[in-house]
1. Sorted by packing (mean other beta-carbon atoms within 10 Å per residue), highest first, where do 56-67, 36-47 land?
2. State, to one decimal in nm, how far the label point of Ser88 lies from the label point of Thr146, with both points 7 Å from Cα in the Cβ direction.
3. Note down the nm distance, to one decimal, between modelled labels 7 Å out along Cα→Cβ at Ser156 and at Ala55.
4. For an R0 of 35 angstrom, estimate the FRET efficiency from the Cβ-Cβ distance between Lys108 and Asp129 and round to the nearest 0.05.
Amino acid sequence: MRTRPIAVPAALAALLLLAACGGGGGGGDGKRESTTCSVDTVSMEVGPASVAPAAGDTGEVPVGFTNQSAACTLDGFPEVRLAGAGDSATVEVPPAEGATAQKLTLAKGESASFTLTYERGAPGEGAFDAEELRVELSGARSFRWTYGPVAADGPSGHKISVSAYQQAGD
């Protein structure tokens with residue numbers, strides 16, 4: 001038996017191709033794409049910390065948050081800064097060496113966290129005397145920094161880093 005090719009009109013072929021690829025416009029499945037989490041839609045908490053008691057010691061400060069609204073996403077690394085007295089200076093906190101960013105989607109009520117790891121510095125030795133921790137998440141939220149000065153790491157850096165976002169809970 002011999003088969004014949006089936007003629008498919010161009011418009012129908014394009015429609016089938018778009019349906020197979022999802023069409024990029026929501027796909028008609030009724031689901032909305034997640035949006036970026038923001039300080040307006042999450043509750044945020046800093047600590048309890050493992051404070052570095054003396055110069056040269058390492059401390060860890062966890063930052064946790066819970067989504068209070070519709071599903072949202074966290075992508076990349078947390079944007080964190082330390083600020084000195086009266087915003088006289090700021091230090092941008094870089095990602096931890098070897099850390100890998102991941103994309104997380106948080107449904108309403110789900111939680112995530114990240115951790116700041118720092119070395120306590122001695123006053124007068126180039127340490128940054130932070131007064132405020134600023135977390136930027138489509139807006140900014142500030143918290144008092146009570147964990148001591150952050151040690152200098154060469155002429156332009158400080159010994160502090162931030163981990164990737166981690167899903168918390170179940």
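Read-outs throughout are calculated quantities, based only on the coordinates presented, and are distinct from any laboratory measurement. What you see is a predicted model, and the numbers here were worked out from it, not measured in a lab. Virtual Cβ from ideal backbone geometry, glycine too; neighbours counted across all protein chains shown.
1. 56-67, 36-47
2. Modelled inter-label distance: 2.3 nm.
3. 2.5 nm
4. 0.35
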